[in-house]
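**Q** Shown below is the structure under consideration.
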Amino acid sequence: MSSDWLIGIDLGGTKTEVILMSQQVGGFRLDYSEHFRKRVPTPQGDYHATLQTIHSLVLEAESQAGASGLPVGIGIPGSVSAITGRIKNGNSTWLNGQPMQDDLRALLQRPVTLSNDANCLALSEATDGAGKGYGVVFAAILGTGCGSGISVNGRVLSGPNGVAGEWGHNPLPWTAQHELKLRPCFCGLNGCNETFLSGTGLSMTHKLTTYKALPAKEIAENARQGDRAAAESLNQYMEHLARGFGAVINLLDPDIIVLGGGMSNVEQIYQELPRRLPEHVFGGECGTPIVRAAHGDSSGVRGAAWLSKA
């Protein structure tokens with residue numbers, strides 16, 4: 001039996017997490033074991049402190065493995081430009097324009113692979129999660145923001161511009177222009193899917209109809225307990241979500257859709273979407289499974305570890 005160590009980093013806007021995993025090969029079976037995991041606050045707004053945080057976490061993981069120079073995969077809230085080699089499209093805006101992959105390779109003195117955090121979710125779930133055994137996996141993060149990744153036969157689809165799966169920054173389909181203009185997005189446009197389908201989007205929907213600002217988790221819980229205003233906001237969210245995923249199915253027709261992020265814990269999604277989707281899918285029928293990520297909020301960092309095998 002042989003063993004290979006995998007190190008993954010999930011760089012988020014508020015937290016940075018490291019995982020140390022091993023790939024155990026015995027006979028015809030692969031087993032993946034987690035040996036160490038740690039989460040620390042992300043030094044928001046400070047690029048160089050962010051690099052040092054990643055460096056420290058990698059060294060700590062290596063001390064647990066008793067090895068050095070291990071390759072590292074990192075999931076980031078953005079992507080690496082194929083033209084400039086610098087970070088773009090990051091909602092952690094202090095990363096944008098930085099040569100992060102080159103800087104980390106120089107700092108860590110080893111191979112470092114960066115990919116979008118939603119790509120890491122897709123890779124994790126396609127490898128040994130809810131999407132295992134499916135050819136095309138569309139994985140969506142419905143959290144503070146909204147993004148997605150695509151895995152085809154176990155490999156992430158990124159595209160020549162590094163934006164494959166950037167579903168969060170397309171406008172919500174079948175929406176009136178005046179509604180889109182009420183939803184400004186950090187990317188500079190209005191009415192992106194992110195402004196409707198994230199947890200922040202649900203909060204905005206509730207505020208626009210009730211003039212009360214509540215976090216998404218509270219709105220969902222109030223709806224579950226029978227609050228009519230919260231239930232109506234959640235009903236609108238389900239309609240928005242059905243439109244957003246209807247467009248995905250019409251374009252990509254994935255074998256399965258896997259959900260991560262805080263909104264993926266709202267049970268009503270798995271009851272409502274199968275009923276609503278056919279209205280927005282060409283042909284009026286839809287059998288696409290909609291499931292929760294098997295590894296929960298650890299899926300992104302696990303996917304980053306798989307990147308280190310590339």
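The values are calculated or read from the model by the stated rules, or taken from the named source; none is laboratory data. Every value quoted in this text rests on a predicted model; they were computed, and no experiment measured them. Note: ideal-geometry Cβ built from the backbone for every residue, glycine included; neighbour counts use all protein chains shown.
**Q** Every residue in region 254-294 that is assigned to a loop (DSSP other than H, G, I, E, B), in contact (Cβ under 8 Å) with a residue 60 or more places away in the chain and surrounded by fewer than 20 Cβ atoms within 10 Å (Cβ to Cβ), please.
**A** Within region 254-294, Asp255, Ala294 meet the criteria.
**Q** Do any strands (runs of 3 or more DSSP E) lying entirely in region 77-169 carry at least 1 residues that are under 17 Å from the mean Cα position of the chain (by Cα), crowded, with 24+ Cβ neighbours inside 10 Å and in the same structural domain as Thr288 (by TED's automatic domain parsing), and which ones are they? Walk me through it before giving the result.
**A** Working: elements: 112-116, 136-142, 146-152.
Fully inside region 77-169 and qualifying: 136-142, 146-152.
**Q** Scan region 231-253 for residues that are surrounded by 15 or more Cβ atoms within 10 Å (Cβ to Cβ) and of a type in the set (A, V, I, L, M, F, W, C) and jot them down.
**A** Ala231, Leu234, Met238, Leu241, Ala242, Phe245, Ala247, Val248, Ile249, Leu252
**Q** Kindly provide the set of residues from region 188-214 that are among the hydrophobic types (A, V, I, L, M, F, W, C) and either touching an Asp or Glu at 6+ places or on another chain (Cβ under 8 Å) or crowded, with 22+ Cβ neighbours inside 10 Å (or both), ordered by number.
**A** Cys192, Phe196, Leu197, Leu202, listed by residue number.
**Q** Could you check how many residues of region 94-131 are in contact (Cβ under 8 Å) with a residue 12 or more places away in the chain and over 22 Å from Pro71 (Cα atoms)?
**A** Going through region 94-131 one residue at a time, the tally reaches 5.
**Q** Name the residues in region 296-310 that are assigned to a loop (DSSP other than H, G, I, E, B) and surrounded by fewer than 20 Cβ atoms within 10 Å (Cβ to Cβ), would you?
**A** Of everything in region 296-310, those that are assigned to a loop (DSSP other than H, G, I, E, B) and surrounded by fewer than 20 Cβ atoms within 10 Å (Cβ to Cβ) turn out to be Lys309, Ala310.
**Q** Could you grab the pairs with beta carbons closer than 6 Å, sequence gap of 6+ or different chains, first residue in region 55-66 and without any contact (Cβ under 8 Å) to a residue 60 or more places away in the chain, second one part of a helix (DSSP H, G or I) and among the hydroxyl-bearing types (Ser, Thr, Tyr)?
**A** Note: no pairs meet the criteria.
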